[in-house]
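Since every read-out is calculated from the coordinates, none of them should be taken as a lab result. As the structure is a computational prediction, the values presented were derived from the model and not from experiment. Here Cβ is always computed from backbone atoms with ideal geometry, including for glycine, and neighbour counts include all displayed protein chains.
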Amino acid sequence: GWCPLSPTGAQTTQLLVEPPWTPAVLWDRVTLTCQGSGTASVTIWYKDGQHWWQERRDQFVVTKSGTHQCDRPGTGLSPNMSVLNDQLVLQVPARALLEGDTVTLHCRV
């Protein structure tokens, strides 16, 4: 399933990642989806802090590692999502975690 990187119900732009693990790794065929209550007809994507492209699409498959963000007019910029191309990575679920939560870690090679 899709996992928001900010609390559910928040009136902000959210960047959802599939598969739902963070940090995301390029070799997982990562899909990012931009969600927000702002204008749905325009989604602006940023990579490494730079304007990358503007589309009507709010979803895409990542093909290059880096730090991604999206902007939905009306709700603003999403949190950052890093997509790595590392050979070894320790991942946690891409959801809000609280102290005391039981969590599964993935060590990926």
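Close amide H pairs (under 5 Å, H built 1.01 Å from N) link residue 86 with 26, residues at least 5 positions away or on another chain.
Which peptide among 75-87, 94-106, 25-37 comes first, and what is the full order, when sorted by highest mean count of other Cβ atoms within 10 Å? Walk me through the numbers on the way to the answer.
Details: 75-87: 15.8, 94-106: 9.9, 25-37: 18.0.
In descending order of packing, they fall as 25-37, 75-87, 94-106.
Computed 3J(HN,Hα) for the range 81-89, one whole-Hz value per residue from the Karplus formula 6.51 cos²θ - 1.76 cosθ + 1.60 where θ = phi - 60°, is 10, 8, 10, 9, 10, 6, 7, 9, 8, glycine and proline marked x.
In this simple spin-label model, placing a label point 7 Å from the Cα along the Cα-to-Cβ direction at both residue 63 and residue 98 gives a separation of 4.2 nm. Under 5 Å between amide hydrogens, which residues at least 5 positions from residue 91 or on another chain qualify, with H placed 1.01 Å from N in the peptide plane? Here the answer is 106, 107, 108, since their amide H atoms fall under 5 Å of that of residue 91. A simple rule links phi to the HN-Hα coupling: the Karplus curve 6.51 cos²θ - 1.76 cosθ + 1.60 with θ = phi - 60°, which for the range 90-96 gives 9, 10, 10, x, 7, 8, 5 Hz, with x for Gly and Pro.
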